[in-house]
Amino acid sequence: MHSSHLQLRLPALRRETILRLQACTRLTGKLSDLFPSETFQQPPAAQTACEALASQTSHVIMQAGYRMSALTYWRELAKHVDKHSVTLIDSALGAELRLSAIRLGAQLAGHSPSPLTSPPTSTSPTEPQVLIRTLTDFAHSCLARWHMTLRAEYRPVARLKLPATNLPQAAAGHFDPVILYVAQEITGHV
């Protein structure tokens, strides 16, 4: 589960403490007792890659959101080549994510039909800090859209793996091919 859900239930504890509690496997049962039992009901076997993604950890799901966002903004990532920009972007997102998004985006752009679509904003972020913020916001928008597309049985378990509050508005439906592509890539479920 995303640590923010526990933070809401245990507001007196700092984030670092919550993360240590989550890492302790002996406390899993005690922590889950803080939530209604129906929250953890196991959904049926996954039929799609998006449903299979719901069974992954919160960390994997958040990384999937960043991959969806980076793949959508691959051209903007490719424009930031100076050392300062690359350092900032890599420290925020990781070099592997940046490079794989650029490589995969360029590769998929030539295929027909391509899962890629234009980013939601018409202007390209010129400052690396603005691009990082844009990528982060859009990653959460993609995950909100992913959550919306799940069958009802999968939504409770998937919702626990997303941030508890402040999820932005879901991305538009024409980003579904990117969301599906990344879900398939991560889960190996075609």
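The values are calculated or read from the model by the stated rules, or taken from the named source; none is laboratory data. In this text the structure is predicted, and so the values were computed from the model without any measurement. In this analysis, Cβ positions are derived from the backbone assuming ideal geometry, glycine residues included, and neighbour counts consider all displayed protein chains. Heavy atoms of the whole protein, side chains included, go into the accessibility calculation; ligands, DNA and RNA do not. Shrake-Rupley method; radii C 1.70, N 1.55, O 1.52, S 1.80 Å.
Find out how many positive minus negative residues lie around Cys24, taking Lys and Arg as positive, Asp and Glu as negative, among other residues whose Cβ is under 14 Å from that of Cys24. Computed value for this residue: +2. Separation of the stretch 143-177 from the stretch 74-100 is 26 Å, based on Cα centroids. Test of understanding: in a Gaussian network model of the chain with alpha carbons linked when under 10 Å, which of Val130, Val178, Val157 would top the mean-square fluctuation ranking? Highest fluctuation among the options: Val130. Expressed in Å, the radius of gyration and Dmax of the Cα atoms of the stretch 90-190 are 14.4, 42.
Each Cα pair under 8 Å and six or more residues apart adds its separation to the average, and for the chain the resulting relative contact order is 35 percent.
Couplings for the stretch 64-73, taken from phi via the Karplus curve 6.51 cos²θ - 1.76 cosθ + 1.60 with θ = phi - 60°, read 4, x, 5, 5, 4, 5, 5, 5, 5, 9 Hz in order; Gly and Pro are left as x.
Compute the FRET efficiency between Leu21 and His111 as 1/(1 + (r/R0)^6), taking r as their Cβ-Cβ distance and R0 = 35 Å, and round to the nearest 0.05. It comes to 0.20.
For Lys161, a cut-off of 29 angstrom between C-alpha atoms picks up these lysines, skipping any fewer than 8 places away in its own chain: Lys30. Within the chain, which is the longest segment containing none of the trypsin sites (Lys or Arg not before Pro) that sit in a DSSP loop and have at most 15 other Cβ atoms within 10 Å? It works out to 15-150. Mean residue ellipticity at 222 nm, helices only, the chain: -17500 deg cm²/dmol; runs of at least 4 DSSP H residues each add -39,500 (n - 2.57), and the sum is divided by the number of residues.
What percentage of all Cα-Cα pairs in the chain are separated by more than 28 Å? The calculated P(r) of the chain puts 30 percent of pairs beyond 28 Å. Taking all protein chains together and a 1.4 Å probe, the residues Met62, Met68, Met148 rank Met148, Met62, Met68 from largest to smallest accessible area. The modelled label-to-label distance between Leu13 and Ala152, using points 7 Å beyond Cα along the C-beta direction, is 3.3 nm. Using only Cα atoms and rounding to the nearest 10 degrees, what angle (0 to 90) does helix 95-109 make with the longest principal axis of the chain? That helix lies at roughly 60 degrees to the long axis. Rolling a 1.4 Å probe across all protein chains gives Leu180 an accessible area of roughly 70 Å².
Solvent-accessible surface (1.4 Å probe) assigned to Asp137 amounts to roughly 80 Å².
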